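The values are calculated or read from the model by the stated rules, or taken from the named source; none is laboratory data. Predicted model only: the values in this text are computed from it and were never measured. Every residue, glycine among them, receives a Cβ derived from its backbone with ideal geometry; neighbour counts consider all protein chains shown. Calculation scope for accessible area: heavy atoms of the full protein, side chains included, ligands and nucleic acids excluded. Shrake-Rupley method; radii C 1.70, N 1.55, O 1.52, S 1.80 Å.
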Amino acid sequence: MPRVAYLKPLDAKGEAVNAQGHARRQGRHVDRRAVLGAGVVGAGAFAAWKVFGGEEKGIPAPPERPATWTYAMDGAAAGVSRLSISGGSLYVTADSPLSVHAVSTGSGRERWVAEVTGGKQGEAALGPVTVADGTAYVAAEGGHVNAFADDDGSRRWASEPLGGGPPAAPVVIGSTVCVLMETEKAADEAGSTRTLVKGVLCGLDTDGGRVKWRTEGNRLLLADRSRGQLIAETRGGDRLSAPDADTGDERWSLPKRDSVALGTKLMYATGSGKVNELAAYDLSTGERRWKSPAPPKEYEDDPGARLTVSADGRTVYACEGGSGAVYSYDATTGDRRWRVTVDSPVTPETAAGGSALILASSDGFRAAHSTDSGFQNPFADGETKPGGYVTGQAASDGKQLWRTESNDCTSAPVLTGGQTALVAHTSEMWAYDARTGAPRWRVAGEPEVGGVPLVADGKLYVITDAGVGAVPA
């Protein structure tokens, strides 16, 4: 299934994660911005679809679903920053102390705990864990990459300091571990100024952590494993490049792009600055295959439309944050199929294939009061209304099938089993019927710092004050 990104770092499988994947957790809440999920459900499921909630001031909370198990973090649950899944294990990174916890997804029992070299104690200083060929890799904010044996957690190696700042997930392609770290160049002779570099992209040997190659890089985007290459923003941020994972040599490059989504054979990208277009490029050569007008920006320096690709690879969705416009394109030809508008900036995520999109929005202008900040909306006339909504749109023409008023949505929706849409709200996650929009159940807890609900092995994994909980999904 194709995976996509809006200039995103990578998760534990080397795939894209939320653009705020290495943002700090604000208190116990994820970054509060509106989100959209291009989640879809199967055909033939829409006979009973209806608008749910309408102009009501709220909807009754569904029953709370208990956890199957909870992995206690010894009072350090607030320091949990990342969750990732590989095989039958959940990997939890924590910062009190800096450590990786490997937990059985079936029982919730601890497999092993390993302390991480590099980074500052007391900060959310670890990226997600990547597991490949029996080794678990994790990068620390202090600039070190750590490798542990996945069977018992014993340390295999720790790299030299490579940089600093919030790290992305290591990406393993062949015999190379690719990592992106923030860094800076040395001060000038007078010592009065320093040239800051947004990032350094490194390729490490999987056997011992030796640096095979190094280049300047702003953001690591996607792993194109079938071609043995990365898709990365390099050259001081003015180029989009496809470096060879083994040597770091550039195979092809393009001018800087705002958003990137990866299909099987094509890469989809929007232009930057005044360039208002969506284009498709051959992943082997970088040659452009087609271009089409993209959603307009409110301002020239806006990040532009954000992209996602449908699970079947036939559709590209683009949404513009300022206007809330969501466009659907034919992935082969670039022809625009339809356009809809949702409130507030939106961020797309992929989900299972089918006939309807599930969107989630956090509309701050409709909310009279924000429980997080205490902000009073001067345009709300004293009324208290739900701060967001979840909606189903027909994938064929974009028509609304149902809409459910809700509290502020703090994540994109994730579909599980094709019939349930999971959306994070403030300190809770709710499960909505993907056919009708009716809330089915809820659970106390939040996603990891990346902000996207993690579902695997039939379970939803959440972070609570008690630790990490597994809930039947």
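For the stretch 324-344, residues that are open to solvent by 20 Å² or more (accessible area, probe 1.4 Å), part of a loop (DSSP other than H, G, I, E, B) and not polar (S, T, N, Q) total 2.
Say whether the condition of being under 30 Å from D258 (Cα atoms), touching an Asp or Glu at 6+ places or on another chain (Cβ under 8 Å) and either at pLDDT 65 or above or not aliphatic (A, V, I, L, M) (or both) is met by at least one residue in the stretch 434-443. Before you say what the answer is, go through the steps one by one.
Step one: filter the stretch 434-443 for residues under 30 Å from D258 (Cα atoms), giving none.
No, the stretch 434-443 contains no residue that is under 30 Å from D258 (Cα atoms), touching an Asp or Glu at 6+ places or on another chain (Cβ under 8 Å) and either at pLDDT 65 or above or not aliphatic (A, V, I, L, M) (or both).
Here the stretch 375-404 is the region considered, the condition is being open to solvent by less than 70 Å² (accessible area, probe 1.4 Å) and over 23 Å from R339 (Cβ atoms), and the residue that is modelled with the lowest pLDDT is N377. Taking the stated definitions as given, is K459 under 26 Å from H101 (Cβ atoms), of a type in the set (D, E, K, R) and surrounded by fewer than 24 Cβ atoms within 10 Å (Cβ to Cβ)? Answer is yes for this residue.
Which residues, taken from the stretch 157-172, are buried (at least 22 other Cβ atoms within 10 Å of the Cβ) and at pLDDT 95 or above? Give the derivation first.
Quick first cut of the stretch 157-172, residues buried (at least 22 other Cβ atoms within 10 Å of the Cβ) only: 159, 162-163, 167-172.
Residue satisfying the conditions is V172 alone.
In the stretch 298-310, the residue that is farthest from A395 (Cα to Cα) out of those that are out of contact with any Lys or Arg (no Cβ under 9 Å at 6 or more places or on another chain) and assigned to a loop (DSSP other than H, G, I, E, B) is D301. Scanning the stretch 221-278 for residues that are in contact (Cβ under 8 Å) with a residue 60 or more places away in the chain and outside any strand (DSSP E or B), we see that the one that is surrounded by the fewest Cβ atoms within 10 Å (Cβ to Cβ) is T264. Residues in the stretch 311-323 that are more than 12 Å from P296 (Cβ to Cβ) and assigned to a loop (DSSP other than H, G, I, E, B): A311, D312, G313, R314.
Results for (1) outside any strand (DSSP E or B); (2) closer than 25 Å to T315 by Cβ, shown as yes or no for each residue.
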| residue | (1), (2) |
| --- | --- |
| V390 | no, yes |
| G418 | yes, yes |
| L422 | no, yes |
| V455 | no, yes |
| L460 | no, no |
| I463 | no, no |
| A470 | no, no |
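Only one of the numbered conditions (1) open to solvent by 20 Å² or more (accessible area, probe 1.4 Å); (2) farther than 21 Å from V171 by Cα is not met by S284, and that is (2). Can you work out which of the residues in the stretch 145-156 that are in a loop (DSSP other than H, G, I, E, B) and of a type in the set (G, A, S) is surrounded by the fewest Cβ atoms within 10 Å (Cβ to Cβ)? The selected residue is S154.
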